[in-house]
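Engineer: I'd like to ask you about the structure that follows.
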Amino acid sequence: MSPEKKSLLLPVLLITIGTGWLLSTLGIAPEIDWVWTLGLAVIGLLTFAVGGFDKFTVVIGPFFILASGLSVLRQTNRLQPDIEIPIFVIAAGVLLMIARTRSIPIPNWIDQAATQRDTENQ
């Protein structure tokens, strides 16, 4: 991870915590655990910011963003866990199918490991 991307982590985390705290304090959504919910969303967004766009991040990023949205629905009693879990399973399958698309690149860390292994075997 580059130093520029590392320096992005703390400000994003502070903004996330502050936003959740403010929403609770203003009574906009006091029943929601904003640290958890926004933390999930930030993990999803940082997956793309730090990792770029590849077969790994196209699965992990949207999955955490979905988890954040479903968390809000569950905490406000608009979605029951027995519905939430199957949605996660379906979403994981769909995201894994999308990741198989040839136009989405293989992550650099996998590609570098394969190149290194090939070099060592020669």
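Engineer: I'd like to verify a number: residues in segment 26-42 that are among the hydrophobic types (A, V, I, L, M, F, W, C) and touching a residue at least 40 places away in the same chain (Cβ under 8 Å), how many?
Structural biologist: Here the count works out to 2.
Engineer: Based on what the data block shows, is residue 29 among the small types (Gly, Ala, Ser) and in a helix (DSSP H, G or I)?
Structural biologist: When the stated conditions are applied, residue 29 does not pass them.
Engineer: Here is a follow-up. Only one residue in 42, 58, 50, 35 is over 30 Å from residue 110 (Cα atoms) and assigned to a helix (DSSP H, G or I), so which one is that?
Structural biologist: One residue alone meets the criteria, 35.
Engineer: Do we have any residue at all in segment 38-55 that's modelled with pLDDT of 90 or more, touching a Leu at 6+ places or on another chain (Cβ under 6 Å) and of a type in the set (D, E, K, R)?
Structural biologist: no
Engineer: Conditions first: (1) closer than 16 Å to residue 44 by Cβ; (2) modelled with pLDDT of 95 or more. Residue 72 passes all but one, so which condition is the exception?
Structural biologist: (2)
Engineer: Listed residues 74, 78; which is more than 17 Å from the chain's Cα centre (by Cα), in a helix (DSSP H, G or I) and farther than 24 Å from residue 10 by Cβ?
Structural biologist: Selected residue: 74, the only one of 74, 78 that is more than 17 Å from the chain's Cα centre (by Cα), in a helix (DSSP H, G or I) and farther than 24 Å from residue 10 by Cβ.
Engineer: Residues of segment 33-56 being within 8 Å of the chain's Cα centre (by Cα) and of a type in the set (Val, Ile, Thr), which ones?
Structural biologist: 42, 43, 47
Engineer: Look through 71, 24 and report the one residue that is polar (S, T, N, Q), surrounded by fewer than 17 Cβ atoms within 10 Å (Cβ to Cβ) and over 30 Å from residue 3 (Cα atoms).
Structural biologist: So the residue among 71, 24 that is polar (S, T, N, Q), surrounded by fewer than 17 Cβ atoms within 10 Å (Cβ to Cβ) and over 30 Å from residue 3 (Cα atoms) is 24.
Engineer: Please identify the pairs in which a residue from segment 43-61 that is closer than 12 Å to residue 8 by Cα has its Cβ atom under 6 Å from the Cβ atom of a residue that is surrounded by fewer than 18 Cβ atoms within 10 Å (Cβ to Cβ) and charged (D, E, K, R), counting only partners at least 6 apart or on another chain.
Structural biologist: 50/5
The values are calculated or read from the model by the stated rules, or taken from the named source; none is laboratory data. Computed from a predicted structure; not experimentally measured. Cβ coordinates were reconstructed from backbone atoms using ideal geometry, including for glycine residues, and neighbour counts include every protein chain displayed.
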